[in-house]
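See structure below.
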Amino acid sequence: MHFFSTIRLACLGMATLFGVQILGGCLFQKQESDGSGYLFTVSLPSNPQSLDPQSAIDSSSKTILQNLYEGLVEIDDSGNLQLAAAETYTISSDERIYTFTLQKNRFWFYDADQDDIVDENETWNVTASDYVYAFQRIFDPQTHSPYVDMFASIQNGVAANQQKAALSDIGVTAISDNVVQFTLAYPDAQFLNHLASTAAYPCNESFFLQTKGKYGLDESSVASCGAFYLRLWFYDPYGSDNLIYMRRNAANQEARNVYPTNLTFHICKNEQQTVTDFQEGSADLLVSSIYQPQYMESEKYNIIAKQATTLGFIFNPDNTDFANSNIRAALSMGIDRENIGHNSHGDLMPAYGIVPPAVHWNGTLYRDQVPETTSKYDADAAQATFQKGMQELQKESLDTTKILVCSTLMDCENLHDIIQTWQEIFGFYIGIDEVSEEDYWQRIAEKKYTIAVYGLTPESDNPATALMAFYSDDNDFYYSDSTVDTLLTKLEKAKSTEEIIQQCYQLEQAILERNLFIPIFYKNQYLITSNNNQDIQFDPFSRSLCFRNAKHFE
């Protein structure tokens with residue numbers, strides 16, 4: 001099979017050509033009554049690091065991947081698992097063998113001659129072997145995939161990654177061209193959810209090998225099996241007209257309708273540039289963690305707001321005063337959560353727990369299954385606990401300190417109520433040190449802070465992923481606790497959905513009792529677009545976007 005064309009258009013010429021189409025897209029694309037036929041224009045905060053599903057982790061990469069590929073299953077906005085490229089699946093009685101029958105009308109497409117026409121030699125079936133090869137790549141140590149732990153339950157997977165077993169021995173097998181079977185070493189209640197991740201997208205071995213080490217790194221080394229295919233990926237780190245251009249994949253249009261005809265992604269240097277693009281009208285939408293009153297309070301815009309982030313206080317582990325458990329407990333008790341965040345226009349809600357309200361499990365909001373354990377504010381009890389800690393430290397007062405806050409994380413005005421209450425109860429002064437995102441992460445890494453506000457966003461719509469951030473030596477805020485590690489290991493091997501809920505509850509309570517992360521607010525992640533646009537799928541956890549069902553109405 002011939003995958004590559006020797007005729008390649010010059011990148012700069014392509015950029016110019018598509019730039020004209022971008023400017024004219026909104027004027028000349030046919031607008032149909034069902035909202036199809038539109039060219040969506042989006043600004044990415046950065047250049048995708050890789051379009052290799054088994055390696056990519058950043059939000060820009062995941063946005064492109066979700067529009068390029070289709071996996072066996074997917075999760076909808078309500079947290080329900082849906083069939084995608086799989087027609088059916090079964091689970092064995094011991095919950096260790098998952099057998100998927102593939103849809104027979106799903107195709108790979110690579111536009112070798114770049115004529116935007118699906119020619120006979122440019123398309124071929126997606127088969128079970130493509131999923132086998134994808135998982136072999138995850139466990140191949142040469143891939144350095146970040147998803148080995150996610151799929152650790154697959155039989156012989158970890159052993160293969162440690163070169164103690166052959167890749168052909170992992171528990172992923174092609175029973176036939178359209179039947180793929182997964183064999184687990186132990187029951188894993190999270191396995192189906194993990195199959196909905198970008199990491200589980202298929203990989204065609206023949207195409208991969210012909211890319212000669214460049215797979216997913218440029219437009220000539222990417223084949224599509226999803227809603228759109230990659231037409232252009234132009235990126236010059238010193239230039240400004242960087243973009244990715246995608247077109248609807250006609251090879252799969254008959255099997256599963258795709259509404260937009262084209263997608264154009266401007267590649268920005270930072271998030272502020274995405275804001276500017278939207279303000280100037282050169283982008284159809286904006287993904288933001290910041291409350292934008294000019295849009296939120298206007299009837300012209302469609303706003304999706306999801307409380308996907310938990311803001312909490314963290315402490316420098318090398319600071320003796322705040323290493324005292326009673327001092328931290330007192331600070332937590334000294335937050336009058338019923339009376340904070342009222343001036344945030346709904347952007348912030350008081351947090352008593354760690355898992356944010358937007359998280360689902362098994363099609364139901366986690367917080368509907370595990371309500372927060374709220375506690376009534378008690379200043380006297382907080383002061384008594386604080387004095388106990390001071391006695392243990394043999395101190396009469398704490399030194400003046402400041403709370404480190406990232407300027408793009410939250411409006412610092414909403415910390416003033418907490419700080420004022422602390423000063424009244426504990427009698428020591430606390431200020432605010434607001435810094436840029438770059439400075440914030442540098443200060444955290446170098447431990448140049450006393451107290452900091454940290455934003456915890458789960459990697460996916462799963463309560464377990466919110467809590468996995470507390471594994472010792474596996475987080476960037478120096479959380480370390482052996483008891484929590486033991487509970488996390490137990491959670492990873494939960495055998496049922498009920499066990500997931502029970503163990504997440506136990507873990508959350510254990511973390512809260514230690515007060516090394518003190519939750520203060522749940523915060524929204526936003527998708528902002530005009531009322532003309534509908535059904536853009538927004539994942540507030542990865543901040544990725546899928547346009548398969550996106551519609552535009554004039």
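The values are calculated or read from the model by the stated rules, or taken from the named source; none is laboratory data. Just so it is clear, the model here is predicted, and its values are computed rather than measured. Cβ atoms come from the backbone with ideal geometry, glycine included; neighbour counts cover every protein chain shown. Surface areas here come from the heavy atoms of the whole protein model, side chains and all, with no ligands, DNA or RNA. Shrake-Rupley method; radii C 1.70, N 1.55, O 1.52, S 1.80 Å.
What about residue 94, is it open to solvent by 40 Å² or more (accessible area, probe 1.4 Å) and either of a type in the set (A, V, I, L, M) or touching a residue at least 12 places away in the same chain (Cβ under 8 Å) (or both)? Here the answer is yes, as residue 94 does meet what is asked. Where helices (runs of 4 or more DSSP H) fall wholly inside the range 411-516, the ranges with 1 or more residues that are of a type outside the set (Gly, Ala, Ser), within 23 Å of the chain's Cα centre (by Cα) and on the phi < 0 side of the Ramachandran plot are 437-445, 463-467, 482-492, 497-514. Could you list, ordered by first residue, the pairs with Cβ atoms under 8 Å in which the first is in the range 137-151 and farther than 10 Å from residue 53 by Cβ and touching a residue at least 24 places away in the same chain (Cβ under 8 Å) and the second is open to solvent by less than 40 Å² (accessible area, probe 1.4 Å) and among the basic types (Lys, Arg), at least 6 apart or interchain? Close Cβ pairs satisfying both conditions: 143/137. Applying the selection to the range 116-174, what residues are open to solvent by 30 Å² or more (accessible area, probe 1.4 Å), of a type in the set (Asp, Glu) and assigned to a helix (DSSP H, G or I)? Correct list: 120, 169. Going through (1) touching a strand residue (DSSP E or B) at 6+ places or on another chain (Cβ under 9 Å); (2) of a type in the set (Asp, Glu); (3) modelled with pLDDT under 95 one by one, residue 554 falls short only on (1). Listed by first and then second residue, the pairs linking a residue in the range 413-432 that is exposed (fewer than 12 other Cβ atoms within 10 Å of the Cβ) to a residue that is not basic (Lys, Arg), with Cβ atoms under 7 Å apart and 6 or more places separating them unless they lie on different chains, are 413/343. Residue 269 meets each of the listed conditions (1) among the charged types (D, E, K, R); (2) buried (at least 18 other Cβ atoms within 10 Å of the Cβ); (3) within 23 Å of the chain's Cα centre (by Cα) apart from (2). Looking only at residues of the range 346-375 that are without any contact (Cβ under 8 Å) to a residue 40 or more places away in the chain and closer than 20 Å to residue 418 by Cβ, we find that the one that is surrounded by the fewest Cβ atoms within 10 Å (Cβ to Cβ) is 374. Look at the range 441-465: where a residue is over 22 Å from residue 196 (Cβ atoms) and a partner is among the hydroxyl-bearing types (Ser, Thr, Tyr) and open to solvent by less than 10 Å² (accessible area, probe 1.4 Å), sitting 6+ places away or on another chain with Cβ atoms under 7 Å, you get 455/309.
If you go through the range 114-139 and keep only what is of a type outside the set (A, V, I, L, M, F, W, C), touching a helix residue (DSSP H, G or I) at 6+ places or on another chain (Cβ under 6 Å) and closer than 29 Å to residue 461 by Cβ, you end up with 133, 136. Of all residues in the range 452-471 being open to solvent by less than 30 Å² (accessible area, probe 1.4 Å), of a type in the set (A, V, I, L, M) and touching a helix residue (DSSP H, G or I) at 6+ places or on another chain (Cβ under 7 Å), which is nearest to residue 523 (Cα to Cα)? Checked the range 452-471; the qualifying residue nearest to residue 523 (Cα to Cα) is 456.
Yes/no matrix, rows are residues, columns are (1) of a type in the set (A, V, I, L, M, F, W, C); (2) at pLDDT below 95; (3) open to solvent by 70 Å² or more (accessible area, probe 1.4 Å):
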| position | (1), (2), (3) |
| --- | --- |
| 321 | no, no, no |
| 327 | yes, no, no |
| 332 | no, no, no |
| 336 | no, no, no |
| 344 | no, yes, no |
| 377 | no, yes, yes |
